[in-house]
Structures are given as C-alpha cells and as structure tokens.
Amino acid sequence: MIVTKRAMSRRTFLRGSHAVLALPLLDAMIPAATAWAKTPAKPVPRLGFVFIPMGCDHGRWTPAVQDRLTELSPILAPLDAVKDQVTVVTNLRLQNAYPGTHDTSNAGFLSAAFAKHTESSDYFLGTTIDQIAAKRIGRETQLPSLELAMDLNPLAGVCNNGYACVYQNCLSWSSPTTPLPSEAHPRLVFERLFGEGGDAAARRASLRNRASLLDSFMEDIGRLKQRVGAPDRVRVDQYLESIREIERQIQRAESGAMDNPTADLDRPVGVPAAFADHAKLMFDLQVLAFQADITRVITFQLTREQSNRTYPEIGVPDPHHPTSHHGGDPEKVAKIAKINTFHVSLFAQFLEKMHATRDGDGSLLDHTVYLYGSGMGNPSLHDHENLPILVAGGAACGMKGGRHIRYEKGTPLANLHLTLLDRVGVDLDSFVDSDGKVADLFDPVAV
C-alpha cells in the first residue's frame, strides 16, 4: 500500500487583520498510518493551577475513606461526574508559609519558598513551579504561560502584616525578584490569545469594530474545511462556536457595565456581574488556550486572600474573610463550607468540559494535569497544615484518579510539586529557597 497523504502542520494557524487563529489538534495533522505518539502533532502535556484562598472546612472537605474514592465528601460532591480523574491529597504542609499570614499563603503555594518580610519593592521569594514548567514545556507555544485571576490585584503598597501586596496578589514568579501580574478581564485575555499585530489599542479596536473575531477568517475557514475530513470539520465547527460564545459573553458583560452605575472595586469594569459567570468565562478561556496549544501552563487565582467578596447567590451574604475567622462557630463554619463547595462546583464544570473536549487519542483532561487548592489549612488559625489539595486529569501522563491519598502529617507540598513536574516531563530534584540556596531535597510523592 502506498500512503500519499500529507499532514498539516500542528502549528497551522489562520492570520487576519490584527488577529491570529490557532487551530485545535486535527486528524489532518497526523500522517496516514502513523500512531499519534510517533508524530510531531502528538498531544502534549499541560499543567494548570487553581488557587483558592483561606483554606477550608476540613470536616466537610476530607473524604471519609482512604484509597479508593468511593464516596465524595459534601464539599467535593460536585466532582462526582469526574471523580475517576480526581485524586484528593491530605496532610500536605507549607512550612515556609509560617509565621502564618494571607500573604505567605498565596506566595508559598507554588514556590514553597519563604517570602522576605518587606513593605517595599525589595521583595524576594522564589521561582514558582508553573514558571519552572514554562521554561521547559512552554518554549514552543505562543505564550509560555498564562496568568489569570478574578479580582483587581494592586501590586503596590502594603496589604497585610507588613508584607508588600505583591506577595498576596501574584501566584507566579519567574525569578525570586520577578512577580508576574495576572489578568482578570476576559476581553484582555481574549486579545492575548487571538490578537496579533499592532499595539494593544489597535487590537482592541479591531476586535470591537466587527461582530466577531471570526469574520476576517471566513474564507480561510472555508478553504480549511475543504482540506479536512468530516470529523475534523465537526471539530473545527465546535471550536469556532466556543470562540463565538465567549465573544458573546464578553460583549454582553461590556454592554451591561454601561448600564450599571454601581462599580465593584474588586472587579474589573466590563466583566460579568455574577461571580459564577465570570469564573466560567475565565475557565472557558483556559480550555481554548490549551485546545489550540497557545500555551501549556496556566495559573488561576479563583479568589484572593483577604477577599471580602460575598456570595448571596448561595446563601452567604457575609464577607468571606471575616467569616473565615470562625473561631469554631458552627454557623460560620457552615458558611465557609458553602463557599468551598461553590468554588469546587465551578472547577468541576471546567473539568467536565475538558473531559468532553477531544485531544488526539484522548481528551484535553487526559493530557492536562491540574492542581487545585489553598496555601492555608484552617483559616481561623491561619495555619498551613493539612492543606485542601486536589489533583485532576493527567491520565495520559500516568496519573491515576479516583483516589484519596493520606500522607504522613507534615509532608511538604513541594513533594507534590516535584511529582507534577515529573509527570509533564520536567525533571527537578529540589526547589530553591528565598536565600537562593538549595532547600530540602524533596522526594516526589506517589499520585
């Protein structure tokens, strides 16, 4: 048999006016009679992180049974549809986050490093796990990494206990002295993913002056569909519809902002008014970014430490931060559990969408490892013990879900970081502390 099919490049994209459209992985990118794993277009490993602040209610978070995740706890119940791709990890500790503050909880979550106590710009932390990964697996993508948030995060000034705000508001650090700001506005994230050419103002004007980003690509899309088979045409249509729907949501939010005279000081102007709608939109952008291989590393600060956000839509009209100082009050603890459950439900919907999105010989979730959790354990004590941690996805990277793993008390969170790096092909023996010296040689943990 003579095989004459010539495959498209995995890096095929369409270019328009001030915009570029990357494509998802298609069958047409695979040479005929060739296994996925042996082609340049083989699915790639990806790594994502979702940070939640102020710990959890351990009583409603921790599954009752070890090993097999046969029954989910009340807070984790929304994960039921994807529980076979989720591992709950308990008894992890963040030693370098002590003496126990909101700032060090956020700063240490991905760095495992000690934050220099300073109110000025001479801050010092450590390179975070996402940036270590980005230097290895992000070199071939348009964006080495993508840093997202939900709240406006000022980087100047002092936020808490004499710590510079940068510690509380930046999850990602590309070096001990270089924090990476995150973006909370869906429009600006959309422009980063698909804008190309000219300055930011030109790209924004170009996107707003047409009904859809896709308008300038219609002829190229038509020609693309003529080159690919029926399954690829369906896949392209689904991908384009996802882009259109995100555009519609952004436009609706921007239109609503014009009619709303009341400003939310924590929320960027022009984003969806409802927290859940904003979060889902930010999660949908992550799906697109991974699906089109625009980036392979994402961090997402779902809410920030010391957030006073209220959640009346779930029966919690009280500000999150004061409520987290519950002192064991059953009513306040129950409200924290409601907030925890709400956040998990948004993550669960995202995982379900990742699981439903095809990627090569599996799903997008199969080829992506996500870490979800907090740098604080009991928020009332401001401790950093028994952190609420989930690991999701990564079946194609050797991850096994559907489990509850309980390690010895005090096991370093950095052990898990090393394991996740190893799963996506990044070999590392240790992290570096905030003095620039090699800290403890951590042992990867089994997940």
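The values are calculated or read from the model by the stated rules, or taken from the named source; none is laboratory data. Model, not experiment: these values are computed from the prediction. All Cβ positions, even for glycine, are placed from backbone atoms using ideal geometry, and neighbour counts span all protein chains on display. Areas reflect the complete protein model, heavy atoms only, side chains present, ligands, DNA and RNA absent. Shrake-Rupley method; radii C 1.70, N 1.55, O 1.52, S 1.80 Å.
Subtracting the Cα-Cα distance of S175 and D329 from 0.36 nm times their residue separation leaves 51.3 nm of extension gain. Summing Lys and Arg as +1 and Asp and Glu as -1 over all other residues whose Cβ lies under 13 Å from the Cβ of G375 gives a net charge of -2. Solvent exposure of R187, expressed as accessible area, is near 10 Å², computed with a probe of 1.4 Å over the protein chains only. Quick one: check the C-alpha center-to-center distance for the range 336-365 versus the range 272-314, whole angstrom. Cα centres, the range 336-365 to the range 272-314: 12 Å. A 1.4 Å probe over all protein chains sorts C397, C170 by accessible area into C397, C170, starting with the largest.
Among the GluC sites (Glu not before Pro) in the range 54-148, those placed in a DSSP loop whose Cβ has at most 12 other Cβ atoms within 10 Å are E140. Accessible surface comparison of H355, H58, probe 1.4 Å, protein chains only, largest first: the order is H355, H58. Under the shape rule built on the C-alpha gyration tensor, where the axes satisfy a ≥ b ≥ c, the range 50-121 is prolate, since a/c reaches at least 1.5 and a/b is greater than b/c. Computed over the range 52-173, the range of Cα coordinates on each principal axis works out to 49, 40, 26 Å, biggest value leading. K225 exposes around 60 Å² of accessible area when a 1.4 Å probe is run over every protein chain in place.
Once the C-beta distance of I221 and K135 is scaled by a Förster radius of 45 Å, the resulting FRET efficiency is 0.85 to the nearest 0.05. With a ≥ b ≥ c the root eigenvalues of the C-alpha gyration tensor of the range 304-432, is it rounded (a/c under 1.5), prolate (a/b larger than b/c) or oblate? In terms of gyration-tensor shape, oblate. With the Kirkwood sum run over all distinct C-alpha pairs, the range 300-375 has a hydrodynamic radius of 14.3 Å. If you sort T303, T411 by accessible surface, 1.4 Å probe, largest first, the order is T411, T303. In this view, the solvent-accessible surface of K332, computed with a 1.4 Å probe and all protein chains in place, comes to about 80 Å². From the cross-link list K335/K409; K332/K353; K332/K409; K280/K338; K280/K332, which pairs have alpha carbons spaced over 21 Å apart? Checking Cα-Cα distances, K335/K409; K332/K353; K332/K409; K280/K332 exceed 21 Å.
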